[in-house]
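I have placed the structure first, in the form of structure tokens, so that the comments after it can refer back to it.
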Amino acid sequence: MRLTDPKPQAGSKKRRRRVGRGISAGQGASAGLGMRGQKARSGSSTRPGFEGGQQPLYRRIPKLKGFPIVNRKRYTTINVEKLASLPANTEVNLASLREAGILTAVQGPLKILGNGEINVPLRVQAAAFTKQAREKITAAGGNCEVLDSK
């Protein structure tokens, strides 16, 4: 038997405490609310989020569109379907994609996304791969190599 095992008998009810009904009742006079003050008054509770007049948190934080990520990683992204046009067993990296004219603007390290289909085996070197992209490249007989992105 444990301390948590004993339970009230089925159908039994405990009477509610009647506060503020005289000192002999045990919760007389101040009804357990202490002496004076905001929390001792009737209808006492403040609204949720009230901070005593200080500008509350929900009004202090920036509005709309979430918070900006301070040091956000910027990637040059490309989908798997763009790589399908390359010849088999080609080494694919940021430089080779620029030479092939597939990429024009470079915004950071290369990230391969998984949209589209690929059926040629390629050796892909990139800073990051999505799970789908990695699966599709390896299923086509290629391999994925993660480069250190700085």
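A few remarks follow.
- Spatially close lysines, pair count over the chain: Cα under 20 Å, gap of eight or more or interchain: 10
- Reduced Cα scattering model of the chain, Debye log10 I(q)/I(0), q = 0.10, 0.16, 0.20 Å⁻¹: -0.62, -0.95, -1.14
- Ranked from largest to smallest solvent-accessible area, with a 1.4 Å probe on the protein heavy atoms, GLU145, GLU99, GLU117 come out as GLU99, GLU117, GLU145.
- Distance between segment 11-80 and segment 85-150 - C-alpha centres, whole angstrom: 51
- To the nearest 10, the accessible area of LYS82 is 110 Å² with a 1.4 Å probe.
- P(r) for segment 75-132, from all Cα pairs and a bin width of 10 Å, is 24, 64, 12 %, short bins first.
- Sorted peptide list for 37-50, 19-32, criterion being average Cβ within 10 angstrom, highest first: 19-32, 37-50
- Accessible-area ranking of THR130, THR77, largest first, probe 1.4 Å: THR77, THR130
- Think of each Lys and Arg Cβ as +1 and each Asp and Glu Cβ as -1; about the Cα centre, that makes the dipole of segment 15-111 roughly 1320 debye.
- In sequence order, calculated HN-Hα J values of segment 50-59 (Karplus, 6.51, -1.76, 1.60; Hz; x Gly/Pro): 6, 10, x, x, 5, 4, x, 4, 5, 9
The values are calculated or read from the model by the stated rules, or taken from the named source; none is laboratory data. All of these numbers come straight from a predicted model, not from anything done at the bench. Methodologically, a virtual Cβ is constructed for each residue, glycine included, from the backbone with ideal geometry; neighbour enumeration extends over all protein chains shown. Heavy atoms of the whole protein, side chains included, go into the accessibility calculation; ligands, DNA and RNA do not. Shrake-Rupley method; radii C 1.70, N 1.55, O 1.52, S 1.80 Å.
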